[in-house]
Amino acid sequence: MEYRGYSLYQGESTPQNIETDACRVVQFLQANHLTSSQLILSGRSIGCAIALAVTKKYSTHSAVLLSPFISLKKIARDMYGSCAEAMIKEAFDNEEICRQITCPLLIIHGEKDALVPYQHSLQLLSRCQSYCRLKVVENMTHTKFNFRLDFITHFAKFMRDLE
């Protein structure tokens, strides 16, 4: 799904607009005979917040998060200190939403991620109430990863574990 204001999609990208658009995608898929047991949501970085928000609203088979963060406020604190955290309005509280997720969840994070430290994923894992697995990938950064080795391989193992 593309965000408003990017590429050809006109409009303003607000947290509410992005979530609304993602829900419309799920509604379209469900209207076209995709069952909840066939729906696997995935997000990367800020897209993890959207994937989690939509997973909370709709019944899904599972969700996969690649380089998720606890919250935008925590990112600001990690990067710029507590003053920056205080200046940001929270838009995505992934930690709270993780407590409400009921479907299986796979979290993949790079050990060398300098933008969102993998400790964010450790904390999200500790908040999960459902079946949740974390894979910290040794040489992966926030933007540099091998899709096949760092994503598909771990996703396939996760799916086998769910069988």
Cβ-defined net charge surrounding VAL54, 11 Å radius [Lys, Arg +1; Asp, Glu -1]: +1
Sequence-separation-based contact order of the chain, relative, with Cα cut under 8 Å and 6+ spacing, percent: 17
Point-charge dipole on Cβ atoms (K/R +1, D/E -1) for segment 36-162, about Cα centre, debye to 20: 240
Share, in percent, of DSSP beta bridges within the chain that are antiparallel, nearest 5: 5
Under the span-like rule (Cα at least 30 Å along the axis, Kyte-Doolittle mean at least 1.6), DSSP H helices of the chain: none
Mean residue ellipticity (222 nm) of the chain, computed from DSSP H runs ≥ 4 via -39,500 (n - 2.57), nearest 500: -12000 deg cm²/dmol
Shape category assigned to segment 65-163 from the gyration tensor of Cα positions, a/c cut at 1.5: oblate
Sum of side-chain charges, LEU124 neighbourhood, beta-carbon under 12 Å (Lys, Arg +1; Asp, Glu -1): +1
Total formal charge among the other residues, if their Cβ is under 12 angstrom from that of ILE97, Lys/Arg +1 and Asp/Glu -1: -1
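Rule-based calculations on the coordinates, nothing more; no lab input. Quantities reported herein were computed from a predicted structural model and do not represent experimental measurements. Note that each Cβ is placed from the backbone with ideal geometry, even for glycine, and that neighbours are counted across all protein chains shown.
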